[in-house]
1. Relative to the longest principal Cα axis of the chain, at what angle does helix 107-116 sit, 0 to 90 degrees, rounded to 10?
2. In whole percent, how big is the carbon plus sulfur part of the accessible area of the chain, probe 1.4 Å, protein atoms only?
3. Using the Kirkwood radius built from alpha carbon pairs, what does the Stokes-Einstein equation give as D for the stretch 1-66 at 10 °C and 1.306 mPa s, in µm² per second?
4. Could you go through the stretch 170-185 in sequence order and give the Karplus-derived ³J(HN,Hα) for each residue, using 6.51 cos²θ - 1.76 cosθ + 1.60 with θ = phi - 60°, rounded to whole Hz, and x for Gly and Pro?
5. In debye to the nearest 20, how big a dipole does the chain give about its Cα centre with +1 on each Lys and Arg Cβ and -1 on each Asp and Glu Cβ?
6. Give me the base-10 log of I(q)/I(0) for the chain at each q in 0.12, 0.18 Å⁻¹, Debye formula, one uniform scatterer per Cα, rounded to two decimals.
7. Given a Förster distance of 41 angstrom, what is the FRET efficiency for Tyr189 paired with Trp13, based on the Cβ-Cβ distance and rounded to 0.05?
8. For the stretch 95-194, report the convex hull volume of the alpha-carbon atoms normalised per residue, in Å³, without decimals.
Amino acid sequence: MNELLLYLEKIMWLGTHVKEMISINTESDIYKKGSFLWKAGDPCNSLFFLKKGTVRIYFSNADGTEHSVQFVKEGNFITVTDSFNSFSPSSQNAVTITDAELIILKESSLRRMEANISRWDKLIKKLIDKIKAERIRIRKHIHSCNDNEKLKSFSIIYPDAIDNTKAEDLASYLNLPVSSINEMKKEMYMGLLA
């Protein structure tokens, strides 16, 4: 819980009352590798704080091909901002690629806190903006690298993801051919990719 409160305090100062409200309105849960936080078609109306583990967010096109759009590492919030803001069904799936420990703020708890904490809507707006900005920042950083550096940069940011993500899923996120991913992973393990 402390990690969650520290994260939120970086966004906005929280008084004792707000911290207590957050503490009693959150749930902790363990998700095994391969568990879904939500699936496409379901609204993403909760906020998930990833205490431990790594999560992949992806969508599937009409032929069933999966396209990774985001990876989230521990110490960060997870949600699909468009679905969360509009209460509409998500077009994306969120799946744990490692065992994960999460702190969850469910819709009912979020509404309760909104009714009892005067600055809650401001905090949530800032949080959603931070989630979007972080996703864009990381993606821009990785995609500014040349092809040979993309996987290395990705592995530094998401160290648990390399061994726990299929080459196809990495390839879709990094915009590289699967054969290149396999070759680069082999070189990384052999220490050739510096």
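The values are calculated or read from the model by the stated rules, or taken from the named source; none is laboratory data. From a predicted model like this one, the values you see are computed outputs, not experimental measurements. As a convention, Cβ positions derive from the backbone with ideal geometry for all residues, glycine included, and neighbour counts pool all protein chains shown. The area values use the complete protein model at the heavy-atom level, side chains included, leaving out ligands, DNA and RNA. Shrake-Rupley method; radii C 1.70, N 1.55, O 1.52, S 1.80 Å.
1. That helix lies at roughly 40 degrees to the long axis.
2. Details: 5050 of 9950 Å².
That share works out to 51 percent.
3. Translational D for this selection: 109 µm²/s.
4. Those phi angles translate into 5, 4, 5, 6, 8, 6, 10, x, 4, 4, 5, 4, 4, 5, 5, 4 Hz.
5. Details: 27 positive and 25 negative charges, 107 e Å.
Magnitude of the dipole: close to 520 debye.
6. For the chain at q = 0.12, 0.18 Å⁻¹, log10 I(q)/I(0) is -0.62, -1.24.
7. 0.35
8. 116
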